[in-house]
1. Over the Cα atoms of region 202-334, Rg to Rh with Kirkwood Rh, two decimal places?
2. Computed from the mean reciprocal separation of all distinct C-alpha pairs, what Kirkwood hydrodynamic radius does region 429-531 have, in Å?
3. Can you figure out the FRET efficiency of Leu94 with Glu333, using R₀ = 30 Å and their beta-carbon distance, to the nearest 0.05?
4. Taking the Cα centre of region 421-474 as the origin, how large is its charge dipole in debye, to the nearest 20, when only Lys and Arg (+1) and Asp and Glu (-1) carry charge on their Cβ atoms?
5. Can you give the translational diffusion coefficient of region 370-480 in µm²/s, computed by Stokes-Einstein from the Kirkwood radius over Cα pairs at 25 °C and 0.890 mPa s?
6. With θ set to phi - 60°, apply the Karplus curve 6.51 cos²θ - 1.76 cosθ + 1.60 along region 365-381 and write out the HN-Hα couplings as whole Hz, x wherever there is a Gly or Pro.
7. Between Ser273 and Lys428, what FRET efficiency comes out of the Förster formula 1/(1 + (r/R0)^6) with R0 = 45 Å and r the beta carbon distance, rounded to 0.05?
8. Evaluate the distance, in nm, between pseudo-label points positioned 7 Å from the Cα of Thr145 and of Ala132 along their respective Cα→Cβ axes.
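Laboratory data are not the source of any read-out in this text; all were calculated from the coordinates shown. As the structure is a computational prediction, the values presented were derived from the model and not from experiment. Cβ placement follows ideal geometry from the backbone for every residue including glycine, while neighbour counts extend to all protein chains displayed.
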Amino acid sequence: MSEKKIILFLIAVASVLWGGVISFGSENPSGMQTPSTTPRAGIEIDSNLKFVSLSLQESVAYALRNNFDIEISELNLKIQDYGITKEKSRFDPLLKLEGNLQDSETPSSNLLQVGSSTATVISPFVADGRTADAVLQSLIPTGATVSLGYSVVRGFLDPSPFQLLNPSYTNFIEASITQPLLKGAGWFYNRSPIYIARNNKKISLAQFKSRALEVSNAVQEAYWNYVQAMENLKVAKKSLERAEDLLKKNKVQVEVGTLAPVEIIDAESGVASRVEAVILAENTIRDREDELKRIMNFAGSEIISDATVVPTDKPYFEPQKVEVKETIKIAMEKRPELTELHLVTENAGIQTRRRKNELYPQLDFAGGIRYTGLGSEASDANDSAFSEAYQGEFLGLTLSIPIGNRSARSEYHKSKLNERQATINFKKKELDIVVEVRASARQVMTNIERVNATKKARELAEKRLENEENKYRVGRTTSLEVLRAQENLAISEFEETRAIIDYEISLGNLETAKGTILEAYDINLEEDKKT
């Protein structure tokens, strides 16, 4: 590959890894914006690209940007934003406009109505009405409904013997308030759906973090398993080289007559078994690479899915001391599952308080003021109304008592049980996390001992092979024993590599149990503080 293509590739990979929701430590110290995991858009990589070199940190970042579950979790966050807006909309003002027309002609025998003593027994009476109403009303956090209304009524009567104005216009200006005093009253009751919606968004954010931790841990396990498969291939090839070297030496000795021909057969058998091991190791590499690509969602791009992933991080054994109590304390602060369950418990408590309020009878106070105007023209009636010359007030109390109130009582007791259940789930999760952290810490310590033991076993296997080769050179042993020593060394090398890889994986598992795996890889998830 040309230098130009390599540079283009590096620029493309950097643009994928450093944009959007995933950023490395120093890029976004505040780290507080709406999570964004814009996937795969705008990626252009040379079609001749055959490999992608990625560190573990870059692999985790790539997976967090492209994993489908992460994208779904982000959409849940946005959905909760609309839930908050919906609950706030309860306090949005409502403007209601209404117009009515009424024309009626009815028979009448009322002399006062028809206005004539000489009229027939039954005379026609015509009444026309035109009404226009405009009402602006709103719910306020105390639970009160306030409204401001304006009405225009045009009336026409035919005949109208006792009407001084015909047609006449009557205008009304009315301001009123209806305030619950028991059930449905109070700032908390009326704004609690907003509190619950905000908590629901925080719950979605905690679930988003939990999924990010799971994906990160899955990536680090898949990454190290892939590295282990590649290391196993190296061991298998090294073992094959030893067997081929022995076969070559045996052929030379047989040709000069210093070795029996049967030794060639043993050496060839050893080479054949090593070739099989190499083939199996190569197949395992492909399987481990596909698993890593699946988690990272490399299949989203046909070009990238065909490229070979080249891991740049190598297993490195550096024993770390684990303080279990301190680790548990960190987990109690960092694990998003506890945050989620705490919020669920808080929401359950809010619902219990709401249900308790609904046990009260309905006692509403209503009051208001009205100004009335009258005139032969609409403008005259309007001036009369706004002059405040004709004022009326009204006050009232309404009491409604549900007999038995079984529905409200059932909801209250059910909400109390839900709150208790949420509290138990929180405590149970705390216990589960403590057990998980302790197990993860023990696994780290166990793997440290395993690495030390396998290292010692590998060193002894090297010495044994060296001894067998020395004995073989002076004719004191056979090719079969040398091959066995080679096989034992290969097994020891496999075991040492696996122990080191398991140690790396156990460190990642411990960071996941603590809830700090993203910090361990210096990756920030951008969050949204606005609710």
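1. 1.23
2. 16.9
3. Working from the Cβ atoms, E equals 0.10.
4. 100
5. 99
6. Whole-Hz 3J(HN,Hα) from phi for region 365-381: 9, 10, x, x, 9, 9, 10, 10, x, 9, x, 7, 10, 4, 5, 5, 5.
7. Taking R0 as 45 Å, the efficiency between Lys428 and Ser273 is 0.30.
8. Those two pseudo-labels are separated by 2.5 nm.
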